[in-house]
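Data first, discussion second: the structure below is written as structure tokens.
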Amino acid sequence: MKLTHLNELMQKIYQLLRKNGRFVLHEFHPISTKLITSTGKKHKVTGNYFDPSIEKNHVAFTKHMPEDEKANLQHVLQRKWTLGEIITSAGSSQLVIETLEEEPNHKISDIGLPKTFTLVAKKL
């Protein structure tokens with residue numbers, strides 16, 4: 001699979017970092033964004049983790065806005081990458097992976113499911 005835009009982003013990050021500079025990415029875990037649908041305490045595996053499609057969505061903060069402001073917002077196009085694609089792209093851009101931590105969800109009903117991850121990579 002060609003990871004054009006993700007690779008371009010990682011190359012730009014590499015270019016912007018100084019020698020020994022670190023890139024820290026803290027993001028929602030792809031398992032929670034690509035695979036699991038939650039309704040209260042009930043979870044369903046409804047997605048395809050490897051689906052490369054691009055989706056049209058509202059920007060992330062939309063749910064926190066007043067209803068009258070939501071109507072004027074534009075949509076974004078979103079590609080949900082797998083964790084492997086993100087790590088591979090960072091490494092392919094000459095960044096050296098120092099740390100990858102997967103953090104659990106701390107809600108009682110979500111124990112055992114990954115919620116976020118943190119990637120730390122360095123430019124040598």
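The values are calculated or read from the model by the stated rules, or taken from the named source; none is laboratory data. These numbers come from a predicted model, not from an experiment. Every residue, glycine among them, receives a Cβ derived from its backbone with ideal geometry; neighbour counts consider all protein chains shown.
Collect the residues in the range 85-120 that are of a type outside the set (Ser, Thr, Tyr), under 26 Å from Val59 (Cβ atoms) and modelled with pLDDT of 95 or more, keeping them in residue-number order.
Listed by number, the residues that qualify are Glu85, Ile86, Ile87, Ala90, Glu102, Phe117, Leu119.
Just checking, how many residues over the range 79-88 are touching a residue at least 60 places away in the same chain (Cβ under 8 Å) and either of a type in the set (Ser, Thr, Tyr) or surrounded by fewer than 18 Cβ atoms within 10 Å (Cβ to Cβ) (or both)?
Result for the range 79-88: 2.
Residues of the range 23-44 being within 16 Å of the chain's Cα centre (by Cα), touching a residue at least 24 places away in the same chain (Cβ under 8 Å) and not in a strand (DSSP E or B), which ones?
His29, Pro30, Ile31, Ser32, Thr33, Lys34
State the number of residues belonging to the range 43-54 that are modelled with pLDDT of 90 or more and touching a Leu at 6+ places or on another chain (Cβ under 7 Å).
2
Considering only residues that are under 20 Å from Thr118 (Cα atoms) and either hydroxyl-bearing (Ser, Thr, Tyr) or out of contact with any Leu (no Cβ under 9 Å at 6 or more places or on another chain) (or both), look in the range 23-42 and name the one that is modelled with the highest pLDDT.
The residue in question is Phe28.
Please find, within the range 3-22, the residue that is nearest to Glu98 (Cα to Cα) out of those that are of a type in the set (D, E, K, R) and part of a helix (DSSP H, G or I).
Taking the candidates together, the pick is Lys12.
From the list Gly112, Gly91, Gly47, pick out the single residue that is surrounded by 12 or more Cβ atoms within 10 Å (Cβ to Cβ), assigned to a loop (DSSP other than H, G, I, E, B), free of Cβ contacts under 8 Å to residues at least 40 places away in the same chain and small (Gly, Ala, Ser).
Only one candidate qualifies: Gly47.
Which residue is modelled with the lowest pLDDT, if the candidates are limited to the range 65-83 and must be within 29 Å of Val120 (Cα to Cα) and outside any strand (DSSP E or B)?
Lys80
What residue, among those in the range 50-64 that are among the hydrophobic types (A, V, I, L, M, F, W, C) and either within 20 Å of Leu9 (Cβ to Cβ) or part of a loop (DSSP other than H, G, I, E, B) (or both), is nearest to the chain's Cα centre (by Cα)?
Ala60
Does Glu67 qualify as being under 15 Å from the mean Cα position of the chain (by Cα), among the acidic types (Asp, Glu) and exposed (fewer than 12 other Cβ atoms within 10 Å of the Cβ)?
no
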